[in-house]
């Protein structure tokens, strides 16, 4: 298992996120012990990690060492060394936010908001050549975008979801067509009002998306694209007073699982999980299964299990990184 994050190393009392340094951890015993395989004094944000079929590890991030541009590093387990995939001077044209990387069929895809191009961009390169180019030679969004998520379907189609800043901040989903270029999945702006922090998941029935819905007191909502339309799977009937920041949506063992923060016990923003079954959302593990408040949720499905990692506020704000496995 590999986990990438930013470690807070700034001076006392400072809260600037630009003071984080990148860290990659590795565990060979199901999370019992961890070793550091990468760290740097250079500051970084928006870390994203993935592996290829040969077991090589890739780390993408916004790097302060190159003016906040996107960089991607490759770790070779055989030599225990890191090298840049492509240019060490940065892949994006300017500052990159909301970085996400995926690998499919020998190609690396890196999505981000590129401030130089003014929107969401998906960069692509061959793992053999390391030569990067914008997919479709164009910006993927029509105008400004935030909260970008990237998904590559089993068939190889590239999807991105984002908060469409140029379209009333609604949630939009686009995919890349090799003939027509970037197209909307359904219509532009699938949320009825402001839709932030969208997350995509591919199901047996179609593409699903979770987002923070501004029309229902900012609670999470899920839709499924089926037979050419977005079907509303309903808001998650969470008992808390508020859900905030990013959630996660995972398809595992034939069901959708949504992870999100909600107010539990008088203000603690703890993590909850709901499973969609028989047309209803139900809690898994009870409301607010995390012991303390959480941030920065990230989940994957692997071999019939779900792995969820998050920033754990801990007792008396000690902070740390926690990993939970769902069978």
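Summary of values
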item: Those residues of the stretch 121-147 which are crowded, with 18+ Cβ neighbours inside 10 Å and in a helix (DSSP H, G or I), in sequence order; result: 135
item: Residue list for the stretch 42-67, filter: free of Cβ contacts under 8 Å to residues at least 40 places away in the same chain, surrounded by fewer than 21 Cβ atoms within 10 Å (Cβ to Cβ) and in contact with a helix residue (DSSP H, G or I) (Cβ under 9 Å, 6 or more places away or on another chain); result: 42
item: The stretch 88-102, residues that are within 18 Å of the chain's Cα centre (by Cα) and farther than 13 Å from residue 46 by Cβ; result: 102
item: Every residue from the stretch 236-258 that is part of a strand (DSSP E or B), touching a residue at least 24 places away in the same chain (Cβ under 8 Å) and more than 18 Å from residue 296 (Cα to Cα); result: 251, 252, 256
item: Which listed residue is outside the structural domain of residue 1 (by TED's automatic domain parsing), assigned to a loop (DSSP other than H, G, I, E, B) and within 28 Å of residue 50 (Cα to Cα), from 272, 301, 290; result: 290
item: Evaluation of residue 308 against (1) touching a residue at least 60 places away in the same chain (Cβ under 8 Å); (2) surrounded by 21 or more Cβ atoms within 10 Å (Cβ to Cβ); (3) over 19 Å from residue 199 (Cβ atoms) (one fails), failing number; result: (3)
item: Any hit, the stretch 170-183, residues being outside the structural domain of residue 141 (by TED's automatic domain parsing), surrounded by fewer than 15 Cβ atoms within 10 Å (Cβ to Cβ), assigned to a loop (DSSP other than H, G, I, E, B) and touching a residue at least 40 places away in the same chain (Cβ under 8 Å); result: no
item: Unmet requirement for residue 244, which otherwise passes all of (1) at pLDDT 95 or above; (2) under 20 Å from the mean Cα position of the chain (by Cα); result: (1)
item: Meets criteria (in the same structural domain as residue 103 (by TED's automatic domain parsing) and within 13 Å of residue 110 (Cβ to Cβ)) for residue 73; result: yes
item: Members of the stretch 292-308 that are more than 20 Å from residue 212 (Cβ to Cβ) and touching a strand residue (DSSP E or B) at 6+ places or on another chain (Cβ under 8 Å); result: 292, 300, 301, 304, 305, 306, 307
item: Pick from the stretch 32-75, criterion modelled with pLDDT of 95 or more, under 25 Å from residue 301 (Cα atoms) and in a loop (DSSP other than H, G, I, E, B), ranking: farthest from the chain's Cα centre (by Cα); result: 33
item: Which numbered condition residue 162 fails, given (1) modelled with pLDDT of 95 or more; (2) part of a strand (DSSP E or B); (3) surrounded by fewer than 23 Cβ atoms within 10 Å (Cβ to Cβ); result: (3)
item: Identity of the residue in the stretch 203-241, under 15 Å from residue 283 (Cβ atoms) and surrounded by fewer than 22 Cβ atoms within 10 Å (Cβ to Cβ), that ends up nearest to the chain's Cα centre (by Cα); result: 219
item: Residue match in the stretch 260-270 (condition: touching a residue at least 60 places away in the same chain (Cβ under 8 Å) and surrounded by 15 or more Cβ atoms within 10 Å (Cβ to Cβ)); result: no
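Conditions tested, residue by residue: (1) outside the structural domain of residue 298 (by TED's automatic domain parsing); (2) surrounded by 16 or more Cβ atoms within 10 Å (Cβ to Cβ); (3) in a strand (DSSP E or B); (4) out of contact with any helix residue (DSSP H, G or I) (no Cβ under 8 Å at 6 or more places or on another chain).
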| residue | (1), (2), (3), (4) |
| --- | --- |
| 25 | yes, yes, yes, yes |
| 28 | yes, no, no, yes |
| 79 | yes, no, no, yes |
| 89 | yes, no, no, no |
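The values are calculated or read from the model by the stated rules, or taken from the named source; none is laboratory data. Fair warning: this is a prediction, and the values are worked out from it, not measured in the lab. Using ideal geometry, Cβ is built from the backbone for each residue, glycine included, and neighbour counts are taken over all protein chains shown.
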